[in-house]
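> This structure is in structure tokens; I'll ask about it shortly.
The values are calculated or read from the model by the stated rules, or taken from the named source; none is laboratory data. The structure presented is a predicted model; accordingly, all values stated were derived computationally and were not measured. Every residue, glycine among them, receives a Cβ derived from its backbone with ideal geometry; neighbour counts consider all protein chains shown. What goes into the accessible areas is simple: the full protein's heavy atoms, side chains included, and nothing from ligands, DNA or RNA. Shrake-Rupley method; radii C 1.70, N 1.55, O 1.52, S 1.80 Å.
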Amino acid sequence: MNIDSVKVELIDWIAQLNDKNSINRILTLKKKLTPSGHRSEKRIFGSGKHLIEFIADDFDEPLDQFKDYTK
């Protein structure tokens, strides 16, 4: 049995599932096996340069809201 016939068999089996619990278990397995941040297209270094238009001069300064935590 080759890999393509196994895939077809699995697709047919999944299509016949009716209970929500089994479908959710398959979705959980899919999420575990799918690499995080999976993209169909390859990322290109530097392609987002144009997205940031402005950075404030005090960008790296501590925020007042966190004074209690930065002592």
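> With a probe of 1.4 Å, find how much accessible area the chain has per residue, and write the answer as a whole number in Å².
Heavy-atom SASA per residue in the chain reads 111 Å².
> So, with +1 on the Cβ of K and R and -1 on the Cβ of D and E, and no other charges, what is the size of the charge dipole of the chain about its Cα centre, to the nearest 20 debye?
520
> Each residue of the range 51-59 in turn: what ³J(HN,Hα) in whole Hz from Karplus with 6.51, -1.76, 1.60 and θ = phi - 60°, glycine and Pro shown as x?
For the range 51-59, the Karplus curve yields 6, 9, 9, 8, 10, 5, 4, 9, 4 Hz.
> Which of 6, 62, 48 sits closest to the plus end of the dipole of the chain, meaning its Cα is farthest towards the positive end, when Lys and Arg get +1 and Asp and Glu get -1 on the C-beta?
Result: 6, furthest along the dipole toward the positive end.
> Holding the Cα-Cα limit at 24 Å, pick out from 7/42; 7/32; 7/30 the pairs that are longer than that.
Among 7/42; 7/32; 7/30, the Cα-Cα distance tops 24 Å for 7/42.
> Take peptides 4-12, 62-70 and line them up by average Cβ neighbours within 10 Å, highest first, as a rough protection proxy.
Final packing ranking: 4-12, 62-70.
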